[in-house]
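For reference, the structure is listed below as structure tokens.
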Amino acid sequence: MIVNGPDFPAMIDALASDGWAEVRGFLSADEVAQLAAISARRRNDFHRAGIGRATGQTVSDDIRRDDVLWVDNLDPELAFVMQRFAGYQQQLNRELYLGLNELELHFAAYPPGGFYQRHLDQHRQQDTRVVTVVLYLNPPDWQESDGGQLRIYLDDGRQVDVQPAGGTLVTFLSNRFEHEVIPAQRERLSLTGWYRRR
């Protein structure tokens, strides 16, 4: 379901009814540019993303090809976006009783040719990741031909492709929807993560 602006009640309704929402204008163009600049300044601290957990984590170019940088939720440069995410978390807990107690986020950069094959965000035998969030930080001139779409596989066998437009937030139930990142033709930026419970 498509929601316009950071409209928390509409976002909650979409998550409750459909399990996912594409929120256009979650951030303004200026806020997107601010986060993209922070990401660019820290680009040398990014590392190749892996698959798996803890000591079993490996890097596999056949499955995903992106670079990540985990962020500190108390980072003062990110306070404005963390406040918005905190507001969403409060609404999720109040309206859907999800028991979320933390947000785990990282910057993600997909270089030209970067992709992530179809997968589910919830690890096997773990239900700590509850709601996935992907906030795009791409420039306003991003075109469909630039690729990098998020393809979500819906319950009824259909699939939906979300354009990674700057300021758009995609949010969905982590245990419900397999998804993939279509190969990007230019660098694709996002702030991505999960609301978790212990």
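Rule-based calculations on the coordinates, nothing more; no lab input. Small disclaimer: the values here were computed from a predicted structure and weren't measured. Ideal geometry is used to build each Cβ from the backbone, glycine not excepted, and the neighbour counts take in all protein chains shown.
Could you go through segment 63-80 in sequence order and give the Karplus-derived ³J(HN,Hα) for each residue, using 6.51 cos²θ - 1.76 cosθ + 1.60 with θ = phi - 60°, rounded to whole Hz, and x for Gly and Pro?
Once rounded to whole Hz, the list reads 9, 8, 9, 8, 10, 9, 9, 5, 10, 8, 4, 9, 4, x, 5, 9, 4, 5.
Helix-only mean residue ellipticity at 222 nm, the chain, DSSP H runs n ≥ 4 weighted -39,500 (n - 2.57), per residue, nearest 500. What is it? Write down the numbers at each step before the final one.
Values: 3 runs with 42 residues, N = 198.
Taken over the chain, the calculation gives -7000 deg cm²/dmol.
Tell me the relative contact order for segment 85-198 as a rounded percent, counting alpha carbon contacts under 8 Å between residues six or more apart.
Relative contact order here is 44 percent.
Short version: ³J(HN,Hα) in whole Hz for each residue of segment 167-177, in order, from phi by Karplus 6.51 cos²θ - 1.76 cosθ + 1.60 (θ = phi - 60°), x for Gly and Pro, what are they?
Each residue of segment 167-177 in turn: x, 7, 10, 10, 9, 7, 6, 5, 8, 10, 10 Hz.
Treating the beta-carbon of each Lys and Arg as +1 and of each Asp and Glu as -1, no other charges, what is the dipole magnitude of segment 153-198 about its Cα centre, to the nearest 20 debye?
340
How big is the charge dipole of the chain about its Cα centre, in debye rounded to the nearest 20, if each Lys and Arg gets +1 on its Cβ and each Asp and Glu gets -1 on its Cβ?
For the chain, the charge dipole is close to 500 debye.
Can you list the residues, at least 5 places off or on another chain, whose amide H is less than 5 Å from the amide H of Gly25, using H built in the peptide plane?
Gly5, Thr168, Leu169
Hey, what's the Cα Rg ratio for the chain versus the globular rule of thumb, 2.2 N^0.38 Å? Mind showing how you got there, number by number?
On the way: Rg = 15.7 Å, N = 198, 2.2 N^0.38 = 16.4 Å.
The chain yields a ratio of 0.95.
What residue among Leu173, Gln185, Gln159 has its Cα farthest toward the positive end of the dipole of segment 154-198, where the charges are +1 on Lys, Arg and -1 on Asp, Glu, each on the Cβ?
Of Leu173, Gln185, Gln159, it is Leu173.
Which stretch or stretches of segment 68-92 have amide N atoms under 17 Å from the point lying 7 Å from Arg41's Cα along the Cα→Cβ direction?
Once the point is set 7 Å along Cα→Cβ of Arg41, 69-82 turn out to lie under 17 Å by backbone N, inside segment 68-92.
Which value, in debye to the nearest 20, gives the size of the charge dipole of segment 89-132 about its Cα centre, when Lys and Arg are +1 and Asp and Glu are -1 at the Cβ? Each step should come with its number before you reach the end.
Numbers: 4 positive and 5 negative charges, 30 e Å.
My answer is approximately 140 debye.
Using Cα-Cα distances under 8 Å and only pairs 6 or more residues apart, what relative contact order does the chain have, in percent?
Once divided by the residue count of the chain, the mean separation gives 28 percent.
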